[in-house]
């Protein structure tokens, strides 16, 4: 199976947070760019995909998505406190489409993950190891047969999660 994970610069934050890292960061401050990404995910990855986004973006992203999806939640047990914000931002949605069905999965998998943010990874929005492992599990990724395209590789977290999964399998079977 072939999957994708996308963690683009969040709408309205492209140029401000990622301008020094990406020449096209400002493109992500346009909703149309996000719509084109959703079309690409839907067209090129029928086996499944996951898309990270900002909670405030669900209002305009979900109506645009014309396929069945599930909204999962990464709940941040430790996060940046914004003093001028009344209700703190402590979670991020992951829009999940399809993936491998694993019946009677043990241990079972939740549609939410509680873990702290990544610290000092060199890129704003870098995801922690537990998050990257969770994404692979949400998709039902099997490193012996599947591929996953990380469309915004950033710090390489998804590749590292794949390597951890391969190492675990090799350790069990080898």
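The numbers here are math on the coordinates, done by the rules we state, and not lab data. Quick caveat: nothing in here was measured; it's all calculated off a predicted structure. Note: ideal-geometry Cβ built from the backbone for every residue, glycine included; neighbour counts use all protein chains shown.
Helices in the chain, meaning DSSP H runs of at least 4 residues, each add -39500 (n - 2.57). Divided by all residues, the mean residue ellipticity at 222 nm is -8500 deg cm²/dmol.
The range 65-79 and the range 104-166 have Cα centres lying 14 Å from one another.
Taking the number of other C-beta atoms within 10 Å as the exposure measure, put 103, 76, 166 in order starting with the fewest. Walk me through the intermediate numbers first.
Details: 103 4, 76 19, 166 12.
Least to most surrounded, the residues fall as 103, 166, 76.
With each label modelled as a point 7 angstrom along the Cα→C-beta vector, the residue 121-residue 26 pair spans 2.7 nm. Using a cutoff of 8 angstrom between alpha carbon atoms and counting only pairs six or more residues apart, the relative contact order for the chain works out to 26 percent. For volume of the Cα convex hull per residue in Å³, the value calculated from this model appears in (i) 121; (ii) 133; (iii) 101 under label (ii).
Site pair residue 167 and residue 71 shows an inter-label distance of 3.6 nm when each label is modelled 7 Å from Cα along Cα→Cβ.
In the chain, the longest principal axis of the Cα atoms and the axis of helix 129-139 are about 70 degrees apart. Using a Gaussian network model of the chain in which every pair of alpha carbons under 10 angstrom is joined by a spring, one finds that among 81, 158, 95 the greatest mean-square fluctuation is at 81. Spin-label model, residue 100/residue 87: points 7 Å from Cα along the beta carbon direction are separated by 3.8 nm. Within the listed set 39, 92, 59, the Gaussian network model of the chain (springs between alpha-carbon atoms below 10 Å) gives the highest mean-square fluctuation for 59.
In degrees from 0 to 90, rounded to the nearest 10, what is the angle of the helix 31-44 Cα long axis to the longest principal axis of the chain? For 31-44 against the chain, the angle is about 10 degrees.
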